[in-house]
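Data first, discussion second: the structure below is written as structure tokens.
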């Protein structure tokens, strides 16, 4: 687990001693407590009753000459939320307040966290003016203003008919530090305009080729000159929070980018080849409300009933049909309507932060894989579990059996069409799974989603 720190307090902790607010021995004790509980030293001092939050904030205001803002008595400009995505706001405990001309004022619990400021600078492309606020108040305001179902936007509003070419940005005379990021954004914007959700970067005879996957085939969309490959790759990795210095082993990260004021998430996978690194991006559509996807009243009723009763909800479709998109809409529905239920996910990457859902990212680098998660998730006593990418019969059987412990399991299943589904489900490996399906959602296309109740599923797959 990543250590929780506060760079401001780490730098000023001995100034607390010099100011007579805290004895030196207490600072050492607070550091030990912070390490043990994975909190920052400021939280440790406050939780122990050594300092009040008010005293600590007043000390920081005077020491740094940065104004303090009480967010409980403040109304921020909602149009500024687009400058900091929900994930970064939560991670860095930062929230934008207002923008005047070319300066964005942000409230921070850790105003000396230069990495956080750089992240905001990259996206906002303007000057940043930090003010100090309570960490607790910032987190409360983030939960208040950022709502998963509304802030991520609707990708369908992006104009898919405009003539856009990312290479125009490549040939732009603007060669400042943000040029590589602008090129990346331009490539991803063109992908969304063309309705593409998979982008590959790999070396070719022209340089570093940019390829869109359309209808199962890679279509070349131009190349970056070889001289820019290194800086482009490093920038892309940094944005995805990967190590730019590592190219010999695979890495998996997550990139958030803004297109027409809509925050979009992409997974970033790097893989070493004899021709250099191959980078693969998969773009995930922002989730919508379930009622926007399934409009038939009877079908909505079937799905809602399945969400509140033990059983398996099986979401089926071909590759890139939008299975994850529909599943996230299911999770949003469950979190909004059944807030008495504990909802958990096991995912390679959390595509969007969902309010009220305990999302868990697997991490093979530290041995936290699906098998290990499966052994421990029951101790969390979840009511609804979403599982991504189950492949083995053992995993299917294990999670299917959780239904007998009154769990609702959401799974995805790859099938190109209904006949393909029936043929795959004919194997004996799926007998237990089939018997426990309470609801099946089949995605034929973005405009055609079919819902089956338990009785229809059993009859169809028999």
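The values are calculated or read from the model by the stated rules, or taken from the named source; none is laboratory data. Only a predicted model underlies this, so the values are computations on that prediction, with no experimental measurement involved. Note: ideal-geometry Cβ built from the backbone for every residue, glycine included; neighbour counts use all protein chains shown.
Determine whether the range 219-227 contains at least one residue that is at positive phi and surrounded by fewer than 20 Cβ atoms within 10 Å (Cβ to Cβ). Yes, that holds for at least one residue. Every test in (1) touching a strand residue (DSSP E or B) at 6+ places or on another chain (Cβ under 7 Å); (2) surrounded by fewer than 22 Cβ atoms within 10 Å (Cβ to Cβ); (3) not in a helix (DSSP H, G or I) is passed by residue 299 save one, and that test is (3). Each residue in the range 2-58 was checked for being on the phi > 0 side of the Ramachandran plot and either in a helix (DSSP H, G or I) or modelled with pLDDT under 80 (or both), and 1 pass. For the structure I just gave you, tell me whether residue 193 is free of Cβ contacts under 8 Å to residues at least 40 places away in the same chain and either on the phi > 0 side of the Ramachandran plot or not assigned by TED's automatic domain parsing to the domain that holds residue 117 (or both). So residue 193 fits the description; yes.
Evaluate the following for residue 83: is it touching a helix residue (DSSP H, G or I) at 6+ places or on another chain (Cβ under 9 Å), surrounded by 12 or more Cβ atoms within 10 Å (Cβ to Cβ), on the phi < 0 side of the Ramachandran plot and not assigned by TED's automatic domain parsing to the domain that holds residue 112? No, not satisfied.
Please work out if residue 263 is under 18 Å from residue 191 (Cβ atoms) and either outside any strand (DSSP E or B) or modelled with pLDDT under 95 (or both). Yes: the conditions hold for residue 263. Using the structure shown, decide if residue 289 is within 15 Å of the chain's Cα centre (by Cα), in contact (Cβ under 8 Å) with a residue 60 or more places away in the chain and within 30 Å of residue 83 (Cβ to Cβ). Answer is no for this residue. In the range 355-443, counting only strands (runs of 3 or more DSSP E) that sit wholly within it, the ones holding 3 or more residues that are free of Cβ contacts under 8 Å to residues at least 60 places away in the same chain span 358-361, 384-387. Of the residues making up the range 230-258, those that are within 16 Å of the chain's Cα centre (by Cα) and either touching a residue at least 40 places away in the same chain (Cβ under 8 Å) or in a strand (DSSP E or B) (or both) are 239, 252, 253, 254, 255, 256, 257, 258. Exactly one residue out of 271, 212 is part of a strand (DSSP E or B), surrounded by fewer than 18 Cβ atoms within 10 Å (Cβ to Cβ) and in the same structural domain as residue 183 (by TED's automatic domain parsing): that is 271. Taking the conditions (1) within 22 Å of the chain's Cα centre (by Cα); (2) part of a helix (DSSP H, G or I) in turn, residue 321 satisfies each one other than (2). Of all residues in the range 274-296, those being closer than 17 Å to residue 188 by Cα and outside any loop (DSSP other than H, G, I, E, B) number 7.
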